[in-house]
1. Tell me which of SER324, VAL264, PHE366 sits at the most positive position along the dipole axis of the stretch 260-419, charges placed on C-beta atoms (Lys, Arg +1; Asp, Glu -1).
2. What does the accessible area per residue of the chain come to in Å², with a 1.4 Å probe and no ligands, DNA or RNA counted?
3. About its Cα centre, what dipole magnitude does the stretch 215-328 give when the only charges are +1 on Lys and Arg Cβ and -1 on Asp and Glu Cβ, stated in debye to the nearest 20?
4. Quick check for me: using +1 on Lys/Arg Cβ and -1 on Asp/Glu Cβ, what's the dipole size of the chain about its Cα centre, in debye to the nearest 20?
5. Hey, what did the chain get for relative contact order, percent, Cα under 8 Å, at least 6 apart?
6. Once the Cα atoms of helix 40-55 and of the chain are each reduced to a long axis, what angle between those two axes, in degrees from 0 to 90 to the nearest 10, is obtained?
7. What ranking, highest mean first, results for peptides 272-285, 107-120, 400-413 when packing means the other Cβ atoms within 10 Å averaged over each residue?
8. Going toward the positive end of the dipole of the chain, with +1 on Lys and Arg Cβ and -1 on Asp and Glu Cβ, which of LEU286, GLY351, GLN196 do you reach last?
Amino acid sequence: MTTMSGNLRIDGARLMDRLAALGTIGALPGGGVKRLALTDEDKVGRDRLVSWMRDLGLSVEVDVIGNIIGTRAGSSDAAPILLGSHIDTVATGGLYDGALGVLAGLEIVETLNDAGITTHRPIAVAAFTNEEGARFAPDMMGSGAQTGALPLDDMLRAKGIDGTRVGEELDRIGYRGDLPVGAIRPAAFLELHIEQGPVLEAEGYAIGAVEGVQGISWTEFTIEGVSNHAGTTPMAMRHDAGVVAAEIALLARRIATEAGPPQVATVGSIMVEPNLVNVVPDKAVLTVDLRHTDERDLQRAERRLHEGAQAAVEAEGCAMAARSLARFEPVRFDTRLVDLVAENAAGLGLGVKRMPSGAGHDAQMFAPICPTAMVFVPSRHGLSHNVHEYTAPDQIEAGANVLLTTVLQLAGEGSILDR
Ligand code: HGY
Ligand code: MN
Ligand code: MN
């Protein structure tokens, strides 16, 4: 039976229950979640997700980089509407980053099952491998490999911050599948995600109709100096790798403040060796994360960073190697889908704001290959990548209903996708 009921709604309590259940996997004492990509916790989360998918009658496939895809048959074998996000988290993660997009997809499937609705197009729900990039750079690794944005072999060889390799960890947790890259070619991709920033809450909107994702540039700098005695070495004789790292960190901050919003810069990881109170460091390794909505401005920031880093290294008589860990240009989402999200939010009586995404998402990997859009819901105090990440149940339910309404429109016969 193929009917499209305009007043169909998801079961918010059921969605919250699944979010809570998944949140127990990798739960941190005192709150928050640590489910780094391809760890034992990630495996347990994957196993739980696959069992939920199977319970809902989805046909489950795993691709060559561990992306999990559950597909609900349609009345036709047209290209599916793909929903999803990721279930890996950063080390100080929350319950909602990524998990919301995957579990809202499952909730939509269960809602359609309960209503006995068969859509024209199949509906697929995916959990992409290593969206965070926290253990293995770059981020959006699984979706990037599947869509061809990232070379699969390089990704499988990627070495983590703990010295492990992606391919070996996929084998270890039993999630190196055989579905090839390029096999998932959806008619459209929709991702529900928490905003992870302060805008929707500050301006009082319930929904973000996301217009695109800003560009991302991750660089790792390794500085080599000369270790020496902290007490006996005159300042003019030092080659202090730690000072150079500090100068690069302050330069990154200056670049962002002088450029002004939306330029952002973050030094999230910095380490010195031998890391002892009375030894001038002979080695420092730090990462710089630059982001901007405009590609030219991002390149300008990169140039300033690299030139400034080089000058600091030379002034201290050190050596430096710079390695790109991730580089994605800004993407724009399909305006027809963004319009649909905005109209559906308004149709549900929800305040909606068109906005860019400050965070990276799997959706930015699909935007070049199919019509793509995202639905944002507010983050309390704008917090994310923080154990206090929180979005209220009614906000989550509202976002999932906007997603459901949009999916039903796109999965029907003769939708805007067919024109
Ligand atoms: O870094 C990001 O924006 C995403 O969380 N991977
Ligand atoms: Mn995310
Ligand atoms: Mn994240």
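1. After comparing all options, I get VAL264.
2. 40 Å²
3. Details: 11 positive and 15 negative charges, 39 e Å.
Charge dipole, the stretch 215-328, about its Cα centre: 180 debye, nearest 20.
4. Numbers: 35 positive and 55 negative charges, 26 e Å.
Result for the chain is approximately 120 debye, rounded to the nearest 20.
5. Averaging sequence separation for qualifying contacts and normalising by length gives 22 percent for the chain.
6. Around 10 degrees separate the two axes.
7. So the peptides 272-285, 107-120, 400-413, ranked by packing, come out 400-413, 107-120, 272-285.
8. GLY351
The values are calculated or read from the model by the stated rules, or taken from the named source; none is laboratory data. It should be emphasised that the depicted structure is a prediction, and the values quoted were computed from it without experimental measurement. Neighbour counts run over all protein chains shown; Cβ positions are idealised from the backbone, glycine included. For accessibility, only protein heavy atoms count, side chains too; no ligands or nucleic acids. Shrake-Rupley method; radii C 1.70, N 1.55, O 1.52, S 1.80 Å.
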